[in-house]
1. Can you find, within region 81-92, the residue that is most open to solvent (accessible area, probe 1.4 Å) among those that are within 13 Å of the ligand (Cβ to nearest atom) and among the aliphatic types (A, V, I, L, M)?
2. Taking region 153-182 on its own, how many of its residues are open to solvent by less than 10 Å² (accessible area, probe 1.4 Å) and without any contact (Cβ under 8 Å) to a residue 24 or more places away in the chain?
3. When residue 102 is evaluated against the numbered criteria (1) within 18 Å of residue 68 (Cβ to Cβ); (2) crowded, with 18+ Cβ neighbours inside 10 Å, which criterion, by number, is the only one it fails?
4. In region 8-59, how many are more than 10 Å from the ligand (Cβ to nearest atom), assigned to a loop (DSSP other than H, G, I, E, B) and surrounded by fewer than 18 Cβ atoms within 10 Å (Cβ to Cβ)?
5. Which one of the conditions (1) open to solvent by 10 Å² or more (accessible area, probe 1.4 Å); (2) within 15 Å of the ligand (Cβ to nearest atom) does residue 78 fail to meet, given that it meets all the rest?
6. Which number in (1) polar (S, T, N, Q); (2) surrounded by fewer than 16 Cβ atoms within 10 Å (Cβ to Cβ); (3) in a loop (DSSP other than H, G, I, E, B) marks the one condition that residue 95 misses?
7. Please state which of the following conditions residue 116 fails to meet, knowing it meets all the rest: (1) more than 10 Å from the ligand (Cβ to nearest atom); (2) within 30 Å of residue 132 (Cβ to Cβ).
8. Six or more apart or on different chains, Cβ atoms under 8 Å: show the pairs whose first residue is in region 1-29 and free of Cβ contacts under 8 Å to residues at least 60 places away in the same chain and whose second is more than 10 Å from the ligand (Cβ to nearest atom).
Amino acid sequence: MIRLGVLISGRGSNLEAIAAAIERGELEARIEVVISNRAEAAGLEHARRRGIPAVVLPSRGLDRETYDQMLLDELAKWRVDLICLAGYMRLLSASFIRAYPMRILNIHPSLLPAFPGLDAQHQALAYGVKFSGCTVHFVDENIDSGPIVLQAVVPVLDQDTVESLSARILAEEHRIYARAIAIVGSGKYRLEGRRVIFEPDPAQNNPG
Ligand code: GAR
């Protein structure tokens, strides 16, 4: 059973998707705690409705090191194995990341390394790509740059707006995040350089 800590800042639909996958028995994990840096995050309500402990740690006005130490202290209480960033819109400090080496996942709404940072769906439309998608990756000390666990591709249609493209990508986010957590939680992967190779047989066991 993987013990998860989920960090959010807003809507929490990825949190919902992870919780639903656990409920359906598709992911052997338990969300020990949801932590939001914003008291008004709608995702907190989703967590509470499901009986998941939901903690607000307001970040406003605090420098990164101070805040991240508070986060580490809170997470330590819940003894989580894996931290999932699910629309958590703050950068993590190097000391936080070093406290959980290869044990922090993030989901990003583009095919990294294209369009890191904010407003990825807007960036994709503005650039004119014909396909975009989403990426689940390990978090390292640079922005949206760690080794990639899973990606999913969606087409960009001529009539797309940021909203319609975001919705198409979000449906894929909800599909792949729980799968990526299952892979990482199972430990059945190895790292070759930046490549995350699934074991035992990636050819027959390709979960993408
Ligand atoms: C998702 O689209 C996620 O990929 C994105 O924020 C949204 C959160 O939605 N994350 C980032 O852009 C991180 N750089 P949610 O709160 O409904 O899960």
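The values are calculated or read from the model by the stated rules, or taken from the named source; none is laboratory data. Source: prediction; values computed, not measured. No Cβ is skipped: glycine too gets one built from the backbone with ideal geometry, and neighbour counts run over all protein chains shown. Note: areas computed on protein heavy atoms with side chains; ligands, DNA, RNA excluded. Shrake-Rupley method; radii C 1.70, N 1.55, O 1.52, S 1.80 Å.
1. 89
2. Of the residues in that region, 1 qualify.
3. Condition not satisfied by residue 102: (2).
4. Residues meeting the conditions: 11.
5. (2) is the only condition that residue 78 fails.
6. Result: residue 95 fails condition (3) only.
7. Failing condition for residue 116: (1).
8. So the pair list comes out as 1/28; 1/29; 1/30; 19/31; 19/47; 19/50; 19/52.
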